[in-house]
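For reference, the structure is listed below as structure tokens.
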Amino acid sequence: MLSILIWLPILTAALIACLPKSIPAHSIRLGALIISGIVLLWNLFILFKFDIYNPGMQLQEYLPWNETLGLTYKLGVDGISIVLLILNSLLTWIAIYSSSQQTERPRLFYSLILLVSGGVAGAFLAENLLLFFLFYELELIPFYLLISIWGGQKRGYAAIKFLIYTAVSGALILATFLSVVWLTGSSTFNYDALVTQTLPPALQITLLLGIILGFGIKIPLVPLHTWLPDAYVEASAPVAILLGGVLAKLGTYGILRFGTALFPQAWSILAPSLATWGAVSAVYGAVVAIAQKDIKRMVAYSSIGHMGYILLAAAASTPLALVGAVAQMISHGIILGILFHLVGVVEAKVGTRELNVLNGLMNPIRGLPLTSALLVLGGMASAGIPGMMGFVAEFIVFQGSFSVFPIPTLMCIVSSALTAVYFVILINRTCFGKLDNNLAYYPKVVWHEKMPALILASVILFLGIQPTWLVRWIEPTTTVIATNIPALEKAVNPQLVLNPNKQHVPIIR
Amino acid sequence: MVQTSNQPVTKLPPSTHEFADIIHRLEAGGSMLPDTPENLMQIIGIYKAYAVPMDFYWRDLLYIAERVFLNPLPFFKYFLPKEYLERHNHYAGDDADLRIWRGEATAHPELLAFIEKGETFKMPKLLHHWFHDRINMEFAEACMQAMLWHRHMYAPVNQFDPYLDSEEYKANAHKAIQAYFQGNPVMLGLYKLFPDMFLEQCRQLSYYANLGLFWEVMAPVFFEMSDIYDEGGFKGVPDAMNFLVNKIFAVAGRPIYHHVYIRGECYEIIPKSKGFTWLYEAALPYVEAVFYRTAPFRGTKSYNAQVRQVPDKQEDFHYGILYADVFPVGTAGIPPTLLMQDMLHFLPPYLVKYYKKHCRGEDDMLIQLGISFQRSMYNVTSAVIQALRTALLYPLDDPNPKHLQANREFFEAQLNRFCRPEYGMRDAAKLRDIQRQNYR
């Protein structure tokens, strides 16, 4: 059942790559769209088969592969991975939908997109560390090619930088995984076998640092982030959606899945530093975003800021904070998806992303009114305006983290306020003001360009009003993770803990 | 017939004015609008689309001036009675004083069809009104208010405006007001308390009549131009301009007056015998007030008068169609948005086809036709400038270089109205833009 999520896209990718050149780009796009749509529907089917009261792995699949190496084909889904799988398949479908019908080298383009989708699904499903690593590394080359072939002017530079950083990330993660197996004396890379092993705190800290640095590059955390603005900005809109919406989540997923579970004591010890790191990342991302003149770069830096919240919540590791961390991962993916799509539409129609040039796009007749309206909505969601998905995620993060790390949480709240500042700058300069009569001969935004943003906007509003549809899947799993992390090292202020005696009671209904 | 020469004048050295090309074109008998088939097609198509709502405007303006008059609750002033729809235009139909248009003297058939069905379907007038599926008389009233607000234009040749302050006018208005409110002690009491307010309302109604009588001429002129174009009659933009110049002279002496009909009796607030004429008392003030000046419109831009973003003198105002940015946001000029909406209903098929080919096709037709309207009004203004030059100065082919120099100075003075950098007029004026065909 779960394997379909991995192999249907990968096999379709292989099939598309072998198609004759005579097949037009729009037909290939349609084929990729249908397959990714089937994957999305299958994912929804799995979601409804999923038992929300069971915090453990479900719907597991197992095939022995290379027992000598400790590599098994073991898949499973829990409350964290199920929502991330939905996010992956939704954003893949959105990315294909938002791609141009005249994409150059369409067979390669859509093959790579589907390969990425299958690889990400594999990473979220893998219950074997080596299998996770294989799928994790599977992203590297497709993304490198997607940036370097279909990217902007500096695509070569951005792609190489991305490749180097993520290769280092992969090396650190592999080294950590191998160290865990060697040091524990385990004969397998199976996740459930390794989480029961214990290592001395000093070793745990060393290995956890490897995990944090490895996944921290992928997230990315400041100062490991310098590949991100170049990669996001140079990537075409569909690729940027996948980079920000999906790839970055592999980093936070890795930290939550492996950092907290494999090294709980070390996690508890390093938590204050991680919380501070998250807060610094959040403030840094927001402050640098304010200074940007390129709207895509501004959105890229906003991503750094918002990923900081996830690290803060993961560090706090209260049940509520962990729910918030996963909710923020989903929220960030959806909001970044809509923003990158809309920025892509603006660039395609107006021909620039320069904040100083763009103006008056809200003009109902010659501007891009719906695109602008959705950009306002995306900005509001990102800034955490109530009634939208961003608010729900950020509120849970802050509520869950404040009792443990009040100062970093306050810094993140300030960063959230700064988000409103740069989005007001972006929206004010881009959407409002006077449309230049001499330049305003922009093409119309056609229906298929509006659809992805409308779908994502609907999700943002729906989950903003009805957050239980998001957190109900996550909560049992994150509650168990939270209970496994020793709380001794944390500077919990008992007066600030919500329901201190009822931490396992479902929080949001 | 007045003919402007199309031969280039070579007796003077080239102008050094920043709009020298346009000066030379005017000196050669041309228009401010470049002579291209595309421009000709656009301006004539728009004249036709303008003439149909204009046929409603002039009828309703006269209805308000003559019949609604000082009704304190004029809810139905835009509901034109049959009598006024069938009222004969003095410049069209078989019984015309001077037949300019070969068509009917009564309301245009396209207008009647629109009044009945609108863009929706046949329903009571009130529903059409509430759905805004109607002719926007508010535009016509805004033009009238611009004329009223910019009083004292073209003094001393314009005698109409000072007459509104004369004792004779006040006496005539008093008689009409007394008659209108006869048997209404409340309104008569108010009139006693606030006579100036009623008098000012009366002045406004006189401008209703003024503008109605002005447009009564222009509607058949534009209809006729459209018919001539359809028959292949105009060879270029200067032809169309010359037609306008000729018609201006033909109707220049048309009387401008204000009569009010109360209980079957006619009250002559401004009698025809005063000798006010169409050219000096209506056409010139209209062009000045509506094409050039109007007023900064609330809601489009926050003007800071203290830093002189609004000119000190009303004569320096530059918010008319010649300066209008078609996007009604933060601009100096005010686009005639309601008129653009009215014209949209009556575009000739060739213009619809043309707009569909450019920009966003049907989606931004309103903007495209607004720019065509701007082009056409530059042509009308050119006709007025040429008419004034004919009336006040010298022929374009005058052999005397001093006369040619006087003509040039006149043209340069006219174009200087688009050059005042201290008020941003240079940037606001669309004279440069209309020289480009891709300004749409």
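Can you list the residues, at least 5 places off or on another chain, whose amide H is less than 5 Å from the amide H of residue A:74, using H built in the peptide plane?
Amide H neighbours of residue A:74: A:63, A:127, A:128.
Under 5 Å between amide H atoms, partner at least 5 residues away or on a different chain: which partners does residue B:106 have, H built in plane at 1.01 Å?
B:89
Any idea what angle helix A:79-98 forms with the longest principal axis of chain A, computed on alpha-carbon atoms, 0 to 90 degrees, nearest 10?
That works out to roughly 20 degrees.
What FRET efficiency do you get for residue A:407 and residue A:484 if R0 is 35 Å and r is their Cβ-Cβ distance, rounded to the nearest 0.05?
Values: r = 26 Å, r/R0 = 0.73.
Taking R0 as 35 Å, the efficiency between residue A:407 and residue A:484 is 0.85.
Mind listing the phi-derived Karplus ³J(HN,Hα) values for region B:374-385, rounded to whole Hz, using 6.51, -1.76 and 1.60 with θ = phi - 60°, and x for any glycine or proline?
4, 4, 5, 6, 5, 6, 5, 4, 4, 4, 5, 4
Can you tell me which lysines have their Cα less than 20 Å from the Cα of residue B:122? Leave out same-chain residues fewer than eight positions away.
Straight-line reach from residue B:122, under 20 Å: B:82.
Taking GluC sites (Glu not before Pro) as candidate sites, keep only those in a DSSP loop with at most 14 other Cβ atoms within 10 Å, then name the longest stretch of chain A containing none of them.
By the stated rule (loop sites, at most 14 other Cβ atoms within 10 Å), A:105-509.
Between 0 and 90 degrees, rounded to the nearest ten: what's the tilt of helix A:106-125 against the longest Cα principal axis of chain A?
Roughly 30 degrees between the two axes.
Straight-line reach from residue B:353: which lysines have a Cα under 17 Å away, not including same-chain ones fewer than 8 places off?
Within the straight-line limit of under 17 Å, residue B:353 reaches these lysines: B:48.
Long-range amide H contacts for residue A:294: which residues qualify at under 5 Å (H placed 1.01 Å from N, peptide plane, sequence gap of 5 or more or a different chain)?
A:355
Please list, in order along region B:400-407, the HN-Hα scalar couplings obtained from phi with the Karplus expression 6.51 cos²θ - 1.76 cosθ + 1.60 (θ = phi - 60°), rounded to whole Hz, x for Gly and Pro.
Those phi angles translate into 7, x, 5, 5, 5, 5, 5, 4 Hz.
What average number of partner chain Cβ atoms lie no more than 10 Å from the Cβ of the residues making up B:357-368?
Working: counts 0, 1, 7, 6, 1, 0, 4, 7, 1, 1, 5, 2.
Per-residue shielding by partner chains comes out at 3.
Counting other Cβ atoms within 10 Å, which trypsin sites (Lys or Arg not before Pro) in region B:243-315 have at most 10 and lie in a DSSP loop?
Working: sites: B:247, B:263, B:272, B:274, B:293, B:298, B:301, B:308, B:313; in loops: B:263, B:298, B:301, B:308, B:313.
For trypsin sites (Lys or Arg not before Pro) across region B:243-315 that sit outside H, G, I, E and B with at most 10 neighbouring Cβ atoms in 10 Å, the list reads B:263, B:298, B:313.
To the nearest 0.05, how large is the calculated FRET efficiency for residue B:67 and residue B:252 if R₀ is 35 Å and r is the Cβ-Cβ distance? Walk me through the intermediate numbers first.
Numbers: r = 28 Å, r/R0 = 0.80.
Approximately 0.80, to the nearest 0.05.
For helix A:129-138, report the angle its Cα long axis makes with the longest principal axis of the Cα atoms of chain A; keep it between 0 and 90° and round to the nearest 10°.
Rounded to the nearest ten degrees, it is 10.
I'd like the chymotrypsin sites (Phe, Trp or Tyr not before Pro) in region B:89-134 restricted to DSSP loop residues with at most 15 other Cβ atoms within 10 Å, sorted by number. Let's see the in-between values first.
On the way: sites: B:91, B:101, B:114, B:121, B:130, B:131; in loops: B:91, B:121, B:131.
Qualifying residues, ordered by number: B:121, B:131.
Please go through the residue pairs B:117/B:357; B:77/B:272; A:293/A:444; A:161/A:218; A:154/A:296 and name each one whose alpha carbons sit more than 23 Å apart in this structure. Before the final figure, lay out each step's value.
Working: B:117/B:357 28 Å; B:77/B:272 25 Å; A:293/A:444 25 Å; A:161/A:218 12 Å; A:154/A:296 14 Å.
Distance filter (> 23 Å) returns B:117/B:357; B:77/B:272; A:293/A:444.
Can you work out the Karplus-derived ³J(HN,Hα) for every residue in region A:178-191? Use 6.51 cos²θ - 1.76 cosθ + 1.60 with θ = phi - 60°, whole Hz, and x for glycine or proline.
Karplus values, whole Hz, x for Gly and Pro: 4, 4, 4, 5, 5, 6, 8, x, 6, 9, 9, 9, 5, 4.
Using R₀ = 51 Å, calculate the FRET efficiency as 1/(1 + (r/R₀)^6) where r is the Cβ-Cβ separation of residue A:385 and residue A:3; round to 0.05.
Working: r = 40 Å, r/R0 = 0.79.
Step by step, r from the Cβ atoms, then E = 0.80.
Can you give the local net charge around residue B:362? Use residues other than it whose beta-carbon is closer than 13 angstrom to its beta-carbon, Lys and Arg +1, Asp and Glu -1.
Computed value for this residue: +3.
Can you give me the relative contact order of chain A as a percent, contacts being Cα pairs under 8 Å and 6 or more apart? Mind showing how you got there, number by number?
Working: 933 pairs, mean separation 79.0, N = 509.
Relative contact order for chain A comes out at 16 percent.
Cα centroid distance between region A:277-340 and region B:340-407, in Å?
After rounding, the separation between the Cα centres reads 56 Å.
Highest GNM mean-square fluctuation, chain B, Cα pairs closer than 10 Å: which of B:120, B:36, B:390?
Per the Cα network of chain B with a 10 Å cutoff, B:120 tops the list.
With +1 on the Cβ of every Lys and Arg and -1 on the Cβ of every Asp and Glu, and nothing else charged, how large is the dipole of region B:1-144 about its Cα centre, in debye rounded to the nearest 20?
So the dipole magnitude of region B:1-144 works out to roughly 240 debye.
Build a GNM of chain B with springs between Cα atoms under 10 Å: which of B:32, B:54, B:137 gets the top mean-square fluctuation?
Fluctuation is largest for B:137.
Please sort B:361-373, B:405-417, A:86-98 by packing, taking for each peptide the average over its residues of neighbouring beta carbons within 10 angstrom, highest first. Present the calculation step by step, with values, prior to reporting the outcome.
On the way: B:361-373: 21.4, B:405-417: 17.5, A:86-98: 25.7.
In decreasing order of mean packing, B:361-373, B:405-417, A:86-98 become A:86-98, B:361-373, B:405-417.
Let me confirm one metric for peptide A:436-444, namely the mean number of other chain beta-carbon atoms within 10 Å of its residues' beta-carbons. Before the final figure, lay out the partial values.
On the way: counts 2, 10, 5, 0, 5, 7, 2, 2, 5.
The shielding value for this peptide is 4.
Once every DSSP H run of n ≥ 4 in the protein assembly as shown is given -39500 (n - 2.57) and the sum is divided by its residues, what mean residue ellipticity at 222 nm do you get, rounded to the nearest 500 deg cm²/dmol? Don't jump to the answer; show the numbers that get you there.
Numbers: 36 runs with 553 residues, N = 949.
Value at 222 nm, helices only: -19000 deg cm²/dmol.
Compute the semi-axes of the equivalent ellipsoid of chain A, taking the square root of 5 times each eigenvalue of the Cα gyration tensor, and list them largest first in whole Å. Mind dumping the intermediate values first?
Values: eigenvalues 240, 151, 80 Å².
Here the semi-axes work out to 35, 27, 20 Å.
Could you pull out the GluC sites (Glu not before Pro) across region B:228-280 that fall in loop regions by DSSP (anything but H, G, I, E, B) with no more than 11 other Cβ atoms inside 10 Å?
Values: sites: B:231, B:265, B:268; in loops: B:231.
Answer by residue number: B:231.
Output the relative contact order of chain B, whole-number percent, from Cα pairs under 8 angstrom with separation of 6+ residues.
Numbers: 643 pairs, mean separation 103.9, N = 440.
After rounding, I find 24 percent.
Which whole number gives the average count of other chain Cβ atoms within 10 Å of the Cβ atoms across peptide B:268-281?
Mean inter-chain Cβ contacts per residue within 10 Å come to 0.
Identify all lysines with a Cα-Cα distance to residue A:434 below 18 Å; exclude those on the same chain that are fewer than 8 residues away in sequence.
Those lysines meeting the cut-off are A:349, B:301, B:430.
Bear in mind that the values in this text are calculations on the coordinates, not laboratory data. All of these numbers come straight from a predicted model, not from anything done at the bench. All Cβ positions, glycine included, derive from the backbone under ideal geometry; neighbour counts span all protein chains shown.
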